[in-house]
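The values are calculated or read from the model by the stated rules, or taken from the named source; none is laboratory data. Here the structure is a predicted model, which means the values were calculated and not measured. Cβ: placed from backbone, ideal geometry, glycine included. Neighbour counts: every protein chain shown.
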């Protein structure tokens, strides 16, 4: 084999190695949870683009958006996601609910929205713990034209927060639409038996193909550790819907995720793109020492004390005797 053929063979082998690595790499950040196949950031981005909740539902169930890749009932087609709106004063929730069967539905996420003033509103999307293993919260990341740090009593495009900047979403078309005086809350009329004429289900993508599309939405949104709209949870809690079929089917993977998941504290840090990322700065509970470890350390101290001459109490009496003897001399 001459040198040219040798280098050609090396290049071919290297190309094959890189190809295999590229195919295997996307699998590494898959949790195996159902939530891997639904982009919270993508849903919030579609909400931003929509003119109304009805238009949002249509975009969400469009194959072109590629936000929804869920097949919870494993029938080979993506699940239809309907929108259910609830409102109380200036707080609104938009429930994203998958139609699993003729008798069951499963909540996927909730968009929480609150009007904070005449020209201010904040929004978050919260992933359902049965789908994501825990409540995952995402919100818009601050950008040059939508966020500034300013006193919360003033008016402007953003609000101050201990956890960082809060983005004002009042200029989103759907937000202004749902706070118009004539707006009536939207409840999707579609059911398992009745779908809109425009809807065409599609085959879900495999993870390696869905992952790159899913993460294109993550650049403009950030996962945060805090609920900013507590009243929204009060509105949503009584109407939450879960599917026994979905819970049983994913029980093992969800329980494993919750068991191995470390509960960390987070603090906001700036990123080069202007957004926020939250990283752990607190050691895990095991690192700080559990009650069992503290008990073991106490037992070791007691055993060391007892192994000393005279034991714990005997040692004290001996030292006391020495002191008396010294005074006598």
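Tabulated data
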{"read-out": "Single residue of 37, 85 found to be surrounded by 15 or more Cβ atoms within 10 Å (Cβ to Cβ) and over 21 Å from the mean Cα position of the chain (by Cα)", "value": "85"}
{"read-out": "Residue within the range 229-243 that is over 18 Å from residue 38 (Cβ atoms), at pLDDT below 95 and touching a strand residue (DSSP E or B) at 6+ places or on another chain (Cβ under 8 Å) present", "value": "no"}
{"read-out": "The range 52-64 residues that are at negative phi and without any contact (Cβ under 8 Å) to a residue 40 or more places away in the chain, paired with ones that are surrounded by fewer than 18 Cβ atoms within 10 Å (Cβ to Cβ) and not in a loop (DSSP other than H, G, I, E, B) (beta carbon under 9 Å, 6 or more apart)", "value": "59/49"}
{"read-out": "Members of the range 26-55 that are in a helix (DSSP H, G or I) and touching a helix residue (DSSP H, G or I) at 6+ places or on another chain (Cβ under 6 Å)", "value": "26, 34, 35, 41, 42, 45, 46, 47"}
{"read-out": "Every residue from the range 109-129 that is closer than 30 Å to residue 248 by Cβ and crowded, with 21+ Cβ neighbours inside 10 Å", "value": "109, 110, 111, 112, 124, 125, 126, 127, 128"}
{"read-out": "Selected residue [modelled with pLDDT of 95 or more and either surrounded by fewer than 18 Cβ atoms within 10 Å (Cβ to Cβ) or under 25 Å from residue 172 (Cα atoms) (or both)] from 57, 24", "value": "57"}
{"read-out": "Failed item in (1) within 30 Å of residue 245 (Cβ to Cβ); (2) surrounded by fewer than 22 Cβ atoms within 10 Å (Cβ to Cβ); (3) at pLDDT 95 or above; (4) touching a strand residue (DSSP E or B) at 6+ places or on another chain (Cβ under 7 Å), with residue 106 passing the rest", "value": "(2)"}
{"read-out": "Residue count for the range 178-218, restricted to those that are in contact with a strand residue (DSSP E or B) (Cβ under 8 Å, 6 or more places away or on another chain) and over 25 Å from residue 141 (Cβ atoms)", "value": "7"}
